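I have placed the structure first, in the form of structure tokens, so that the comments after it can refer back to it.
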Amino acid sequence: MSSIPFKNIIKAFDLENIYCAENVLSMEIDTSDINRPGLQFAGFFDYFDYHRIQVIGKSEMEYLKQQQPDAREKNLNEYFKHDIPCAIISRDMQIPEYIMHYAKKYKRPILRSRLSTTTLIDRLVGYLDSQLAPKITKHGVLLDIYGVGMFLMGESGIGKSETALELIKRGHRLVADDAVEIKKVAEHRLIGESPELIKHFMELRGIGIIDIKAMYGVGAVINNKPLDLAIQLEFWDSNKEYDRLGLVDEYTEILGAKVPKIVVPVRPGRNLAIIVEVAARNWRLKKLGYNAAQVIDDRLKALIQTNENNNGGG
């Protein structure tokens, strides 16, 4: 199961350390679910998932303030007795002594954020979902072509990087070259990005390593992109029958998600950059409901039907 060091969350959200237990920096978080402890402060602990990060907002604070002291002490004692990873106080609110007392008694970390409760929870869930998502590193090149995430695949030396460089020169953007880190952030949604070590860099045989951001500017790179379409580059095989119509959809499976795939044969004289651009435009048209191959097929069927009717009538 994936996990993320708690210290990374503190840094990412610039959380103020009010009180941290000794082991908080070595703690790992393995769920993106968040809990607001309103029910627990009211004394209801059935189904309390104390393994989640706890976010205490203004509503919870006001409820505690209005509670009878005996009930408040009892509920807070029971709440902090559970092994919660931490409690984050939103809105930069002052923290009452009755909360700090039980946090210190059971050594539960207390942190504070300047964000509103809703914003804090929304950003926390998004961040944790991304960080805890299943991931894999694949060989290839990921580009943003007309807003479409194009994943170029193929064996080494087939021309993926050279094709990508030509596309960057045409105004498209590089996400990652050679190694692409792919995360499954939803059931059918994959996000690709570059490993930090090689971010914005590209290898060209005969030249070496080049920095795309330094060479073409910040507009030539992008940090991440969904994988919308995979292009499988392979050396031309004269004995193989390649798809010439595009009526049959092919897919490649990554982390259990299906990504549409096009096989493009490579041989001297073929302009791969233009082919990739056309593939991106055609994919966008298909998403809008227009399939050129289907239109031709429908016309052909209509023509055949018309001829059959005419012959039958003769």
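Work out, step by step, the length gained on full extension between R299 and K287: first 0.36 nm times the residue separation, then minus their alpha carbon distance; give nm to one decimal. Can you show the working numbers first?
Details: separation 12, 0.36 × 12 = 4.32 nm, distance 2.08 nm.
Taking R299 through K287 to full extension adds about 2.2 nm, to one decimal.
Run through all the Cα pairs of the stretch 84-215 and give the fraction in each 5 Å bin from 0, expressed as whole percent.
All Cα pairs, binned at 5 Å, distribute as 2, 9, 14, 15, 12, 9, 9, 7, 7, 6, 5, 3, 1, 0 percent.
With N set to the residue count of the stretch 205-281, report its C-alpha Rg divided by 2.2 N^0.38 Å to two decimal places. Mind dumping the intermediate values first?
Numbers: Rg = 15.8 Å, N = 77, 2.2 N^0.38 = 11.5 Å.
That works out to 1.38 for the stretch 205-281.
Apply the Karplus curve 6.51 cos²θ - 1.76 cosθ + 1.60, θ = phi - 60°, to the phi angles in the stretch 230-243 and return the couplings in whole Hz, x for Gly and Pro.
Values, residue by residue: 9, 10, 8, 8, 9, 5, 4, 10, 5, 8, 9, 8, 8, 5 Hz.
As an exercise, take the mean of 1/r over every pair of distinct alpha carbons in the chain, invert it, and state the Kirkwood radius in angstroms.
Numbers: mean 1/r = 0.0421 Å⁻¹.
Across the chain, the inverse of the average 1/r is 23.8 Å.
Rounded to the nearest 0.05, what FRET efficiency do I274 and S2 give with R0 = 35 Å and r taken as the Cβ-Cβ distance? Could you check?
On the way: r = 40 Å, r/R0 = 1.14.
Result of the calculation: an efficiency of 0.30.
Pull up all non-local amide H partners of L233: gap of 5 or more, or a different chain, and H-to-H distance under 5 Å with H placed in the peptide plane.
For L233, whose amide H was placed from the backbone, the distant partners under 5 Å are M153, G154, V264.
In terms of modelled amide H atoms, which long-range or inter-chain residues lie less than 5 Å from the amide H of I145?
The list, which skips near neighbours in sequence, is M150.
Share of Cα-Cα pairs in the stretch 133-294 beyond 21 Å, in percent?
Numbers: 5788 of 13041 pairs.
Here the long-distance tail beyond 21 Å is 44 percent of all Cα pairs in the stretch 133-294.
Looking only at Cα atoms, what is the convex hull volume of the stretch 132-197 per residue, in Å³?
Numbers: hull volume 6.2 nm³, N = 66.
Once divided by residue count, the hull of the stretch 132-197 is 94 Å³.
When the chain is fully extended, how far beyond the present Cα-Cα distance does T137 get from S156, taking 0.36 nm per residue of separation? Each step should come with its number before you reach the end.
On the way: separation 19, 0.36 × 19 = 6.84 nm, distance 1.56 nm.
The T137-S156 span can extend by a further 5.3 nm.
Give me the percent relative contact order of the chain, please, defined on Cα pairs under 8 angstrom at least 6 residues apart.
Values: 509 pairs, mean separation 41.1, N = 314.
Computed value for the chain: 13 percent relative contact order.
So how do 31-39, 68-76 stack up, highest first, on mean other-Cβ count within 10 Å?
Numbers: 31-39: 16.6, 68-76: 13.9.
For the peptides 31-39, 68-76, the packing ranking is 31-39, 68-76.
Could you state the per residue volume, in Å³, of the convex hull enclosing the Cα atoms of the stretch 4-131? Don't jump to the answer; show the numbers that get you there.
On the way: hull volume 11.7 nm³, N = 128.
In the stretch 4-131, the Cα hull volume divided by residue count equals 91 Å³.
By average Cβ neighbour count within 10 Å, what is the ranking of 214-220, 303-309 from highest down?
Values: 214-220: 12.7, 303-309: 10.0.
Averaged packing, sorted descending, gives the order 214-220, 303-309.
If the limit is 32 Å between Cα atoms, which of K81/K184; K107/K183; K11/K138; K11/K107; K160/K286; K169/K286 go over it?
Values: K81/K184 35 Å; K107/K183 35 Å; K11/K138 29 Å; K11/K107 21 Å; K160/K286 25 Å; K169/K286 26 Å.
Distance filter (> 32 Å) returns K81/K184; K107/K183.
For the stretch 133-294, give the magnitude of the charge dipole about the Cα centre (Cβ charges: +1 Lys/Arg, -1 Asp/Glu; no others), in debye to the nearest 20.
Working: 23 positive and 21 negative charges, 88 e Å.
For the stretch 133-294, the charge dipole is close to 420 debye.
We did not get these values from a lab; they are worked out from the coordinates using the rules stated. The structure displayed is predicted, hence computed values, not measured ones. So basically every Cβ, Gly included, is an ideal-geometry build from the backbone, and we count neighbours across all protein chains shown.
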